[in-house]
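Asks: Dropping the structure in here first, questions after.
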Amino acid sequence: KRAKGLDPSITTIIGGHHATVQPYDFFEPYIDIIVSGEGEITFPELLKALKTKDQINEVKGLYIYNKDSLKPTGKRELINLNAIPFPRRDLTKHYRNRYFRGQWRSYATVISSRGCPYRCHFCAMWKIYNGRYRVRSANLVIDEIESLPETFIDFIDDNTIENIQRMEKMISIIRERQLKKEYKIYARSDTIADHPYIFEEWGKLGLRLVLLGLESFREEELKAMNKANT
């Protein structure tokens, strides 16, 4: 709104989880375009169309503002996670020493998967990713971790440990390459209970923090949440 106040010709674009699940929350005259869903392909295509004055309504995955409504341009297909290049962390090199989580310094985040196969009522991830759980290959994830100078690695997935075979392979590769890192992951309590050896092995390799949701200790409440757990 402030940008439009300074210069109405400025194009304002918004995206992310909230804008994907509830685009009409952003139906405002000072927001020109909403990027819905994953933006890695959509956003560059949009910028190219804006630069070359092409028809932006031909770019899939957008909502475009007009005075009466938001005009959708069509759904963007989910992307192949293995085709995404590593983040250009060199662009933030001059202030990466200020990244932290609690006492963790020399800290980096990594995405190894997106989505979740469950349908918990309190979570929007399965709606954002069309109910699909997708993973990056174990080798690709470890290649990225190995390329990082940071000591502490935060997996910011929605459900890191769901694919047990992939986790076993990641453990094997980390051990083979003798990586000296410390890790934080997300996991469900039933995954931990069903596969304790995974966490024992990860613990030997530097797992220091597991973030999990304990939404209730009552069966009826878990059932009402569609948690698929006991």
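The values are calculated or read from the model by the stated rules, or taken from the named source; none is laboratory data. All values reported here derive from a predicted model rather than from experimental measurement. Don't worry about glycine lacking a Cβ; one is built from the backbone with ideal geometry, like all the others, and counts go over all protein chains shown. Heavy atoms of the whole protein, side chains included, go into the accessibility calculation; ligands, DNA and RNA do not. Shrake-Rupley method; radii C 1.70, N 1.55, O 1.52, S 1.80 Å.
Asks: Starting from the eigenvalues of the Cα gyration tensor, five times each then square-rooted, give me the equivalent ellipsoid semi-axes of the chain, largest first, whole Å.
Replies: 36, 24, 16
Asks: Please give the net charge around TRP126, taking every other residue with its beta carbon less than 15 angstrom from that of TRP126, where Lys and Arg add +1 and Asp and Glu add -1.
Replies: Spelling it out: positives minus negatives among the neighbours equals +3.
Asks: Here is a further query. Got a number for carbon plus sulfur as a percent of the chain's accessible area, 1.4 Å probe?
Replies: 53 percent
Asks: Right, next: Once phi is turned into ³J(HN,Hα) by the Karplus curve 6.51 cos²θ - 1.76 cosθ + 1.60 with θ = phi - 60°, what whole-Hz value does each residue of region 28-45 show in order, with x for glycine and proline?
Replies: Per-residue couplings from phi come out as 9, x, 9, 10, 7, 9, 10, 8, 9, x, 5, x, 4, 9, 4, 5, x, 4 Hz.
Asks: Check the straight Cα-Cα distances from LYS169 and name the aspartates and glutamates below 16 Å, setting aside those fewer than 8 residues away within the same chain.
Replies: By straight Cα distance, LYS169 reaches ASP143, GLU144, GLU146, GLU200, GLU201.
Asks: Using a 1.4 angstrom probe, figure out how much accessible area the chain has per residue, in square angstrom, rounded to the nearest whole.
Replies: 60 Å²
Asks: If amide H atoms are built 1.01 Å from N in the plane of the peptide, which residues on other chains or at least 5 residues away come under 5 Å of the amide H of VAL110?
Replies: ASP154, PHE155, ILE156
Asks: Using amide H atoms built 1.01 Å from N in the peptide plane, name the residues 5+ places from GLU162, or on other chains, whose amide H lies under 5 Å from its own.
Replies: Long-range HN contacts for GLU162: none found.
Asks: What is the Cα radius of gyration of region 177-230 over 2.2 N^0.38 Å, N being its residue count?
Replies: That works out to 1.41 for region 177-230.
Asks: When all C-alpha to C-alpha distances in region 53-147 are sorted into bins of 10 Å, what percent of pairs does each bin hold, rounded to whole numbers?
Replies: Pair shares across the bins are 12, 26, 32, 24, 6, 0.
Asks: Rounded, prolate or oblate: which fits region 20-75 when a ≥ b ≥ c are the square roots of the eigenvalues of the alpha-carbon gyration tensor, with rounded for a/c under 1.5 and prolate only if a/b beats b/c?
Replies: oblate
Asks: So, one more: So what J values fall out for region 80-86 if you push phi through Karplus, 6.51 cos²θ - 1.76 cosθ + 1.60 with θ = phi - 60°, rounded to Hz, Gly and Pro as x?
Replies: 7, 4, 6, 8, 6, x, 4
Asks: Just add up the charged neighbours of GLY37: K/R +1, D/E -1, any other residue whose Cβ is under 15 Å from the Cβ of GLY37.
Replies: So the surrounding residues net to +2.
Asks: Equivalent-ellipsoid semi-axes (√(5λ), Cα gyration tensor) for region 132-230, whole Å, largest first?
Replies: 28, 13, 12
Asks: I would also like to ask the following. Counting Lys and Arg as +1 and Asp and Glu as -1, what is the net charge of the other residues whose Cβ lies under 13 Å from the Cβ of TYR24?
Replies: Once positives and negatives cancel, what remains is -2.
Asks: Follow-up question, since we're still on this one. In straight Cα distance, which lysines are under 26 Å from LYS48, not counting same-chain residues fewer than 8 positions off?
Replies: Qualifying lysines at Cα under 26 Å: LYS1, LYS4, LYS60, LYS67, LYS71, LYS75.
Asks: Another question about this same structure. Loop only by DSSP, 15 or fewer other Cβ within 10 Å of the Cβ. Give me the GluC sites (Glu not before Pro) in region 1-65 that pass, ordered by residue number.
Replies: GLU40
Asks: How much of the DSSP beta bridge set in the chain is antiparallel, as a percent to the nearest 5?
Replies: Taking every DSSP beta bridge within the chain, about 40 percent pair in antiparallel fashion.
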